[in-house]
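Asks: Before anything else, here's the structure in question.
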Amino acid sequence: MPKLPIDIKGLTAEEVIISRKRSGENVLDQHEKSGFISALINTLKEPMLILLLAAGILYLVSGSTGEAIFMLSAIVLVSAISLYQDSRSRNALNALKELSQPKTKVVRDSKISFINSKDVVVNDCVIVEEGSLITADAEIIYSNDFTVNESILTGESFPVTKLINEDNKIFSGTLVSSGMAIAKVEKVGEATELGKIGAS
């Protein structure tokens, strides 16, 4: 096993179980969003759609058939736009869920291990190196020439230098541009910044 630059014990098996019970698994959007029928029902509940439908009925009752047809056309148009936006949102969420690597390097029981990214828990010590994807929000406790591409969160394409005493947070979904760091996990799954974006 390669020697770590600082002395870290990591979590024990019992501490991992306790942390997982408290914070959950490191996965995005655990509850599956419903499909087209549910999206249609939610669209029909929108206040703007109900208002247009009421106006259309009033026009129909008052004998203004042309205006009633116009209102019904507006209802169909608004519904189509809402369903399209809902579909795009679901596709974006699926893309966020797939944005993960299968394995993460962690220190547990004083040993370096490769575990599934979904098994990372709060207080785990993760080792992130150049080219690796960060799988949880964490605070850096050791770094060496460490920069991160945070464009998925900030839109800024230039790598950001991360130091222990300043700007020492790293975030799930971001990519290590150079160097290496050891960081203590603070948030996993939907509690991460990436998870909050998915929830919104």
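The values are calculated or read from the model by the stated rules, or taken from the named source; none is laboratory data. Predicted model, so just to flag it, every value in this text is computed and none were measured. Positions of Cβ are backbone-derived with ideal geometry, glycine not excepted, and every protein chain shown enters the neighbour counts. Note: accessible area is taken over every heavy atom of the protein model, side chains too, but ligands, DNA and RNA are not part of it. Shrake-Rupley method; radii C 1.70, N 1.55, O 1.52, S 1.80 Å.
Asks: Please state the relative contact order of region 145-200 as a whole percent: Cα pairs under 8 Å, 6+ residues apart?
Replies: Answer for region 145-200 is 36 percent.
Asks: If you count only protein heavy atoms and use a 1.4 Å probe, how large is the accessible surface of Tyr59, to the nearest 10 Å²?
Replies: 80
Asks: Between region 65-90 and region 141-200, what is the separation of their alpha carbon centroids in Å?
Replies: The two parts, judged by their Cα centres, are 40 Å apart.
Asks: Let me ask something additional. Helix 47-61: angle to the longest alpha-carbon principal axis of the chain, degrees 0 to 90, nearest 10?
Replies: Once rounded, one gets 10 degrees.
Asks: Accessible area, 1.4 Å probe, largest first: how do Asp109, Asp119, Asp137 sort?
Replies: Asp109, Asp119, Asp137
Asks: Which value, in debye to the nearest 20, describes the size of the charge dipole of region 104-188 about its Cα centre when Lys and Arg Cβ atoms bear +1, Asp and Glu Cβ atoms bear -1, and nothing else is charged?
Replies: 300
Asks: When the helices in the chain are scored as -39500 (n - 2.57) per DSSP H run of 4 or longer and the sum is shared across all residues, what 222 nm value do you end up with, to the nearest 500 deg cm²/dmol? Before the final figure, lay out the partial values.
Replies: Working: 6 runs with 80 residues, N = 200.
Taken over the chain, the calculation gives -13000 deg cm²/dmol.
Asks: Related question: Send over a whole-number figure in Å² for the accessible area per residue of the chain, probe 1.4 Å.
Replies: 59
Asks: Can I ask one more? Add +1 for every Lys or Arg and -1 for every Asp or Glu among the other residues with Cβ under 12 Å from the Cβ of Ser79, and state the total.
Replies: Working: positive: Lys45; negative: Glu46, Asp86.
Net charge in that neighbourhood comes out at -1.
Asks: Oh, and also: Could you order Asp145, Asp167, Asp124 so the one with the most accessible surface comes first? Probe is 1.4 Å.
Replies: Asp145, Asp167, Asp124
Asks: Two decimals is fine: what's Rg over Rh for region 67-200, C-alpha atoms, Kirkwood radius as Rh?
Replies: For region 67-200, the value is 1.19.
Asks: Starting from the Cα of Lys45, draw a straight line to each of the lysines and keep only those under 21 Å, dropping any in the same chain fewer than 8 residues away.
Replies: Answer for Lys45, where 21 Å is the Cα cut-off: Lys33, listed by chain and number.
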